[in-house]
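Scroll down for the structure; my scribbles are underneath it.
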Amino acid sequence: MTPDPNPARHDRDSVARNALELLDEVGLADLSMRRIAGRLDVQPSALYWHFASKQELLAELADRITASIPLHGTDVLETARGIRDALFAYRDGAELVLSTYALQLGSSHAQSALTQALRAQGAIDADERGAALLHFVLGHATLVQQRMHADSHGALLPTPEPDVTAGLGRVFDLGVRALAGELSARATPTPPRG
């Protein structure tokens with residue numbers, strides 16, 4: 001016999017909101033269904049009324065992290081910076097979005113924002129460039145967040161520069177500009193598969 005759900009106690013939104021708060025407190029590695037349930041004072045099985053799996057919950061969190069990215073930006077670099085900033089707004093936000101993107105879960109809101117900005121600037125291969133740019137943004141943001149996390153735990157070798165992320169903003173801008181390239185240039189032909 002299946003128990004009746006208690007929607008007055010928690011709904012899908014409150015589970016996701018609490019999971020995001022917990023993500024900021026403990027990080028992705030320690031974000032478990034058991035820990036989320038404990039925070040909500042329910043049994044872990046109660047979470048499955050709202051999310052079929054932990055992966056579905058993580059996809060919802062990734063969608064919430066990227067939801068603030070405007071879809072109608074016309075500047076590629078500003079759009080990429082907006083995605084990066086949305087990822088940085090949450091502890092391990094980049095890693096969470098990267099992992100759900102890799103598994104093709106959740107929405108493609110961030111990639112859509114990049115693709116639309118590329119189209120607005122005249123790119124004829126906007127879909128492919130949008131994917132390449134998103135891969136770069138996710139990888140770069142994950143690197144920065146991991147470096148900051150390692151530094152906060154004393155796991156990095158000492159350097160003369162006190163800011164472990166010094167210069168990475170310039171690297172980010174350079175990477176975005178390089179991938180955006182000549183927007184109205186001919187699309188690179190796809191090599192035949194052999």
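The values are calculated or read from the model by the stated rules, or taken from the named source; none is laboratory data. Please read these numbers as outputs of a predicted model, since none were measured by experiment. Note that we place each Cβ from the backbone using ideal geometry, even for glycine, and neighbour counts take in every protein chain shown. Side chains included, ligands, DNA and RNA excluded: accessible areas come from the protein's heavy atoms. Shrake-Rupley method; radii C 1.70, N 1.55, O 1.52, S 1.80 Å.
I'd like the FRET efficiency for Gln55 and Ser152, computed as 1/(1 + (r/R0)^6) with the beta carbon distance as r and R0 of 30 Å, rounded to 0.05. Mind showing how you got there, number by number?
Numbers: r = 28 Å, r/R0 = 0.92.
Approximately 0.60, to the nearest 0.05.
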### Message
For Met148, what accessible surface area do you get with a 1.4 Å probe? Give it in Å², rounded to 10.
### Response
100
### Message
If packing is taken as the average number of other Cβ atoms within 10 Å across a peptide's residues, how do 35-48, 58-71 rank, most packed first?
### Response
58-71, 35-48
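Going by a ≥ b ≥ c, the root eigenvalues of the Cα gyration tensor, does the range 1-157 fall in the rounded group (a/c under 1.5), the prolate group (a/b larger than b/c) or the oblate group?
Cα axes put the range 1-157 in the oblate bin.
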## Note on the structure
Scalar couplings 3J(HN,Hα) for the range 128-142 by Karplus 6.51 cos²θ - 1.76 cosθ + 1.60 (θ = phi - 60°), nearest whole Hz, x for Gly and Pro, are 5, 5, x, 5, 4, 5, 5, 4, 5, 4, 5, x, 4, 5, 5
### Query
In sequence order, what are the phi-derived ³J(HN,Hα) couplings for the range 110-118 according to the Karplus relation 6.51 cos²θ - 1.76 cosθ + 1.60 with θ = phi - 60°, rounded to whole Hz, with x for glycine and proline?
5, 5, 4, 4, 5, 4, 5, 5, 5
### Table column - 3J(HN,Hα) (Hz), the range 58-72, Karplus curve with 6.51, -1.76, 1.60, x for Gly and Pro
4, 4, 5, 5, 4, 4, 5, 5, 8, 5, 7, 6, x, 8, 10
### Summary
In nm, the gap between the two label points placed 7 Å beyond Cα toward Cβ at Arg12 and Ser32 is 2.7
